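A short worksheet on the structure shown next.
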Amino acid sequence: MKKIGILGSTGSIGTQTLDIVRANPELLQVEVLAAGRNVDLMEKQAREFSPKLAVMWEEKAYEELKTRLTDTSIRVCRGMEGLIEASTYPTVEMLVTAVVGMIGIRPTIAAMKAGKDIALANKETLVTAGHIIMPLAKEAGVSVLPVDSEHSAIFQSLQGNRQNRIHKILLTASGGPFRGRTTEQLQNVRVEDALKHPNWTMGRKITIDSATLVNKGLEVMEAKWLFNVDYDQIQVVVHPQSVVHSMVEYEDGAVMAQLGTPDMKLPIQYALFYPDRKPLAGERLDFYRLGQLTFEAPDTDTFRALKLAVNAGRTGGTMPTVFNAANEMAVSLFLQKKISFLKITDIIEACMERHTPVPDPDVEEILSAEQETYAHIREMAL
């Protein structure tokens, strides 16, 4: 029986993780749950899975959940203090980090120091603090297992080949809902259009990131740290069918790939049970029906965010934090219909141009760069 904690239990990754727990009650037990503001869903989860601890990020949500769960033995906590307590809870063996944003950094570090393995779905942690996280994982003797479908595919393609040198990582991208469109055609894109991903069902923020290719840029930065490669060794390949989830090319030219239907439960379950594979219900690939797989280069002139992300990663220091923070706030403004779709990338670029990166930043400097970026956007004439 593996005992787990889930940060972000009411989000897309969190709810699918709990689906896996439901299917494997004899193998998985939920010890702690944490979420942001969705009290209704958290209450249902808490009553179904009976965790020892439930955490709400927002104060009002905490107060309401605490009142609702007075008839149970579940302890309710709040804020960053609660997240860190959940992350270091004594009986938790593996922590699924599925929160959105940089609030995941401190809890992840705390969990690793407490000896917890990490099933990583919070990409901002590695994007902004990879230089801290990966050395700490080695020092603490804990595993960081990727949950993103692309990074899980790379990780799976490395199994049995760890002793061989990677020549190149081929990171696949669906291209999002606007693949093939020009800048002019994106001028009047609506929020509703950007939220219609052709293959994947995800949260609103990550769906917009997929539409701008920001998500792929973040994944490039994440892959650099997860697999200890240089940026020159990472190539983004647009693959509209989302069947090949990513590939690894070795120095002899052999390419290993992981294929499957676009279903996040597979990478989540692989991380939870690694190195074992367990039965998983769901659709299987039918190659007769599939017919063909296609691949193409990304259009980084129209979707400039991918190029900006790679530049941020190469610059290093606090620049990836600025890229990430600028995007988070810009996406929020777009979802509120306060800016246009193309303005998201413009805001990221403006913030990067203004920033003087701090090399090798500690956590405080990373979080300070985040706040400075938010302040800069608030000063902009949008």
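With a sphere of radius 12 Å drawn around the Cβ of Gln241, what net charge do the other residues whose Cβ falls strictly inside it have (Lys, Arg +1; Asp, Glu -1)? It would help to have the intermediate numbers written out before the result.
Working: positive: Arg179, Arg289; negative: Glu296.
Here the count lands on +1.
In debye, nearest 20: dipole of the chain around its Cα centre with unit charges on the Cβ of K, R (+) and D, E (-)?
For this selection, approximately 720 debye.
Please work out the Cα center distance from the range 174-216 to the range 247-297, rounded to the nearest Å.
With the range 174-216 and the range 247-297 each reduced to a Cα centre, they are spaced 23 Å.
I want the antiparallel fraction of DSSP beta bridges within the chain, as a percent rounded to 5.
In the chain, DSSP labels about 25 percent of beta bridges as antiparallel.
Would you work out if the range 268-382 is rounded, prolate or oblate? Take a ≥ b ≥ c from the square roots of the eigenvalues of the alpha-carbon gyration tensor; rounded if a/c is under 1.5, else prolate when a/b is larger than b/c, oblate otherwise. Each step should come with its number before you reach the end.
On the way: a/c = 2.26, a/b = 1.66, b/c = 1.36.
Taking the square roots of the gyration eigenvalues as a ≥ b ≥ c, the range 268-382 is prolate.
Roughly what % of Cα-Cα distances in the chain sit above 32 Å, to the whole percent?
Working: 23092 of 72771 pairs.
Cα-Cα pairs of the chain separated by over 32 Å account for 32 percent.
Averaged per residue, what accessible surface does the range 106-145 expose to a 1.4 Å probe, in Å²?
Details: 1280 Å² over 40 residues.
Normalised by residue count, the accessible surface of the range 106-145 is 32 Å².
Which value in deg cm²/dmol, rounded to the nearest 500, describes the helix-derived mean residue ellipticity at 222 nm for the chain, given -39,500 (n - 2.57) per DSSP H run of n ≥ 4 and division by the residue count? Provide the component values of the computation, followed by the final result.
Values: 16 runs with 176 residues, N = 382.
Theoretical 222 nm ellipticity from helices: -14000 deg cm²/dmol.
Most mobile of Gly291, Gly130, Gly282 per a Gaussian network model of the chain (Cα springs, under 10 Å)?
Greatest mean-square fluctuation among the candidates belongs to Gly291.
Net charge within 13 Å of Asn161 by Cβ-Cβ distance, Lys/Arg positive one each and Asp/Glu negative one each, not counting Asn161 itself?
-1
Calculate what fraction, in whole %, of the accessible area of the range 136-292 sits on carbon and sulfur atoms when a 1.4 Å probe is rolled over the protein chains.
Working: 3410 of 7440 Å².
Answer for the range 136-292 is 46 percent, counting heavy atoms of protein chains only.
Note down the magnitude of the dipole of the range 217-280 about its Cα centre, charges +1 on Lys and Arg C-beta and -1 on Asp and Glu C-beta and zero elsewhere, to the nearest 20 debye. Don't jump to the answer; show the numbers that get you there.
Numbers: 4 positive and 9 negative charges, 87 e Å.
About 420 debye.
Using a simple spin-label model with points 7 Å from Cα along the Cα→Cβ vector, what separation in nm is obtained for Arg22 and Lys138?
Result: 4.1 nm between the two label points.
The values are calculated or read from the model by the stated rules, or taken from the named source; none is laboratory data. Because the structure is a prediction, the values reported are computed rather than measured. Here Cβ is always computed from backbone atoms with ideal geometry, including for glycine, and neighbour counts include all displayed protein chains. Surface areas here come from the heavy atoms of the whole protein model, side chains and all, with no ligands, DNA or RNA. Shrake-Rupley method; radii C 1.70, N 1.55, O 1.52, S 1.80 Å.
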